[in-house]
Every structure is written in structure tokens, then in C-alpha cells.
Amino acid sequence: MTTSTAASTPTPIPATLGEEILLLSLDDTTGEARLPLRTPHAIAAAALLERSLSGETDDAVLPDDAAKWIYGNSTKEYEKALRGVLDKGLIRKEQRRVLLVFRTTRYPEADATVESALRGRLAEVVLTGAEPDPRTAALISLLHHGDLHTLAFPDADSDESPVKRRMTEIAERHWADPALRRMAETAAAAAAALTAATMATTVVVITTVT
């Protein structure tokens, strides 16, 4: 008797919101980080949203000062997300020396299953109009408020873009739980404000130096 076994599609490894943002931000081939000034704050904000998505929707889950918490924990949460995707085998670490002096570290893709499934989920919601589940709505909200639209959709680079308008709509309206929406807006807005302040400071420093 011959037994036939149907080919099974690998189930993507679960990833946190912060890990998903990190995967979207890394160039698959070069491993270079895109929008590096904005991403850490969004990842820290994602850590706050994870608390509510796990079932804790009480306002007390948020720290008293979300912006202060995000600012103080952005580096730690970024490194935590980086360790997470490394441990899951989704990216690999490559170190090189430039001019025999400077060491650079890059993280090219090692396993595309998680990011591929993630991009497919985002495309289904943003491009085809499917209703987002709470995690997808949270991720889109973080990308929107953090001005990280192009990490998921390169053509969402202007306010007139239909893709960007759809992401704005999801970030503002697609929340079944009012408490979860308040948390998402607070965390994402704090991350956006900190990013703007960081970018402004960077411009001032560069202008002063040059």
C-alpha cells in the first residue's frame, strides 16, 4: 500500500510587533537598516502595545509618561527585537571592516517566511481592503504614526498616495476596543514626537559641524 503525504506549508514563527517592525526595516540583501532614527522609537512603542494585545487593556498598563518611557527604553527594546529575530534564525549577523579600521555590522535575511507572511498580511488589509485583526491594526498604526509607511509599501511616500490614506484610515478608525485604541494612539504619538525631536537635533548638529 502506498501512502501519499501532502506537502505542507511551513507555519511562520510568531514574532512580536517590535520584531515585525525591525524585519520590515532591514534590507533583505544588504542587511542595512532603513529609517534608523525612527525605527527604535516605534519598536519601543510596540512593546507597550504588546501588553494590551495580550489581554491587558486597562489604562494602567501604560506608564505615567509614555514618551519618557519610550525615550528611555528605545535602545533596549531595539536590541531586544534584534536578539529576537537573530535567535529565531530570521536574520544573520555579518561584521566587516571598512578601511581596515571601522567595523560595520549588518543583518541580511536568513529566513524569509516570517517577513513574507507579514507583508502578505499587510497587503491584504491595505491593498485589498480586508478588515485588520487587532495585531495588524496595531502594527499599521505604529507604522503610520512613526512615518514608517515606506518600510511596508515603498510607494506610500506622499500624502496623496492611496496606500498612505488607507493606512491613515486604519490607524484612526479600525479599533474594536476603545482602550486599545487610546493606548495605540498614545504610544505611537509619543514615538512620533520623539522621532521628530531626534531628527531635528541631528540636523542642528550636522549644520553646526559643517
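For residue 76, give me every one of the lysines with a C-alpha distance below 22 angstrom, ignoring sequence neighbours fewer than eight places off in its own chain.
68, 88, 93
Contour minus end-to-end for residue 112 and residue 124, with contour as 0.36 nm per residue of separation and end-to-end as the Cα-Cα distance?
Net length gain for the segment: 2.5 nm.
Net charge near residue 165, counting Lys/Arg +1 and Asp/Glu -1 over other residues with Cβ under 15 Å of its Cβ? Present the calculation step by step, with values, prior to reporting the outcome.
Working: positive: 164, 166, 173; negative: 147, 155, 157, 159, 160, 169, 172.
Once all neighbours under 15 Å are counted, the net charge is -4.
Distances longer than 19 Å among the Cα atoms of the range 80-140: what percent of all pairs is that?
Result: 51 percent of Cα pairs exceed 19 Å.
Any read-out appearing in this document is the output of simple, stated calculations on the displayed coordinates, not a laboratory observation. None of these values were measured; they are calculated from a predicted model. Glycine gets a Cβ as well: all are built from the backbone with ideal geometry, and neighbour counts include every protein chain shown.
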